[in-house]
Amino acid sequence: MNQRTKLRGLLLALALSAACANTEPLVEPARVVPVTIALPAAQAEKPVDLPGVHNLVTYTRGIVSGSVPEGDAGFESLAAMGIRSIVSVDGAAPDVELARRYGLRYVHLPIGYDGFSLERALELAKAVQSLPGPVFIHCHHGKHRSAGAAASAAVTLGQLTSEQAVLRMKVSGTAPNYTGLYECATTAKPASAATLAALPDEFPERIAPKGLKKAMIAIDEANDELKAIEKASWKVPADHPDLVPAAVVKRMIGYFNDLTTAADTQEQPAEFAEWLAADVKKLQSLHEGLSGGSVAGTELSARMKLVQQSCKDCHSKYRD
């Protein structure tokens, strides 16, 4: 065998080896959705609903508030409006992967119903300023937390006055009893260019409670919300209109799932992880009952009691 034949054989072997080694899955390219839907008018006096996304209210040309996108239809509607970035202020983890399929960037900056700090207000404004726009801000219903965040960001960026921002919140349907959210809009002040420039422009796509203690606090808060829902006969409480029963349980399931992989959990006995897995199954049963709509309230309460008893048993051994 001459040298040329040997060289050809070596090159062929290397090529086959490289081809076999390249087994990484191909990344699905983002879907190209033409912009065919106009943003709701900034002066519109009623919210707009689209397939998969609801309660859309424009605060400024670059800021739209609304509900969580529901599946492909919701993200396709946002892309068709020309939305390029999404900021979730909801506690639930956003569907980052599905958003990417539509070429949309996600940022997760959760806030509470009682309002948010000046630091978070500046973060929200910086996100709107630095992300590709228009920016869509959502919570669950798109009526309360997302409205407060959109209003605060618009005022902080000098795009609306506090009075104008509050009027847009009322169009969104923000409940009067969420005084903390309204206060974030009324007390917001335009930030200087230097203040905004000094803030980092990198934001998390998804935030999960960090550490065992923080996760447990989040679970306790969600459990209190669930008690309020049970008191309201397993419907949305009149004094807390953003608490969707099935969504609260789904959020709790997410917290428990996050706990199963947390570093703190790995340090606990195997029994602890088994308890978490059992709790997830009980919560899934409760979620199925709520989602179906045909399970009696007494049965839902019985399923909830199983979850809470399991939590008490775990607390008595590992927390108390």
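The values are calculated or read from the model by the stated rules, or taken from the named source; none is laboratory data. Just so we're clear, the structure is a prediction, and the values are computed from it rather than from any experiment. Virtual Cβ from ideal backbone geometry, glycine too; neighbours counted across all protein chains shown.
Points to keep in mind about this one:
- Only one of the numbered conditions (1) outside the structural domain of residue 293 (by TED's automatic domain parsing); (2) at pLDDT below 90; (3) of a type outside the set (Asp, Glu) is violated by residue 187, and that is (2).
- Extreme residue, surrounded by the most Cβ atoms within 10 Å (Cβ to Cβ), among residues of segment 38-53 that are out of contact with any Leu (no Cβ under 8 Å at 6 or more places or on another chain) and not aliphatic (A, V, I, L, M): 52
- Within segment 141-173, tally of residues that are surrounded by fewer than 22 Cβ atoms within 10 Å (Cβ to Cβ) and outside any helix (DSSP H, G or I): 5
- Filter pass, residue 301 being surrounded by 12 or more Cβ atoms within 10 Å (Cβ to Cβ), under 21 Å from residue 234 (Cα atoms), of a type in the set (Ser, Thr, Tyr) and in contact (Cβ under 8 Å) with a residue 40 or more places away in the chain: yes
- Residue list for segment 100-118, filter: modelled with pLDDT of 95 or more and assigned to a strand (DSSP E or B): 105, 106, 107, 108
- Every residue from segment 174-195 that is aromatic (Phe, Trp, Tyr) and in a helix (DSSP H, G or I): 182
- Residue 304 of a type in the set (A, V, I, L, M) and under 23 Å from residue 139 (Cα atoms): no
- Selection from segment 231-280 of residues that are basic (Lys, Arg) and touching a residue at least 24 places away in the same chain (Cβ under 8 Å): 250, 251
- Residue in segment 20-30 that is small (Gly, Ala, Ser) and modelled with pLDDT under 55 present: yes
- Selection count, segment 54-75, where residues are surrounded by fewer than 21 Cβ atoms within 10 Å (Cβ to Cβ), outside any strand (DSSP E or B) and in contact (Cβ under 8 Å) with a residue 24 or more places away in the chain: 4
- For segment 250-273, the tally of residues that are of a type in the set (Asp, Glu) and within 15 Å of the chain's Cα centre (by Cα) stands at 1.
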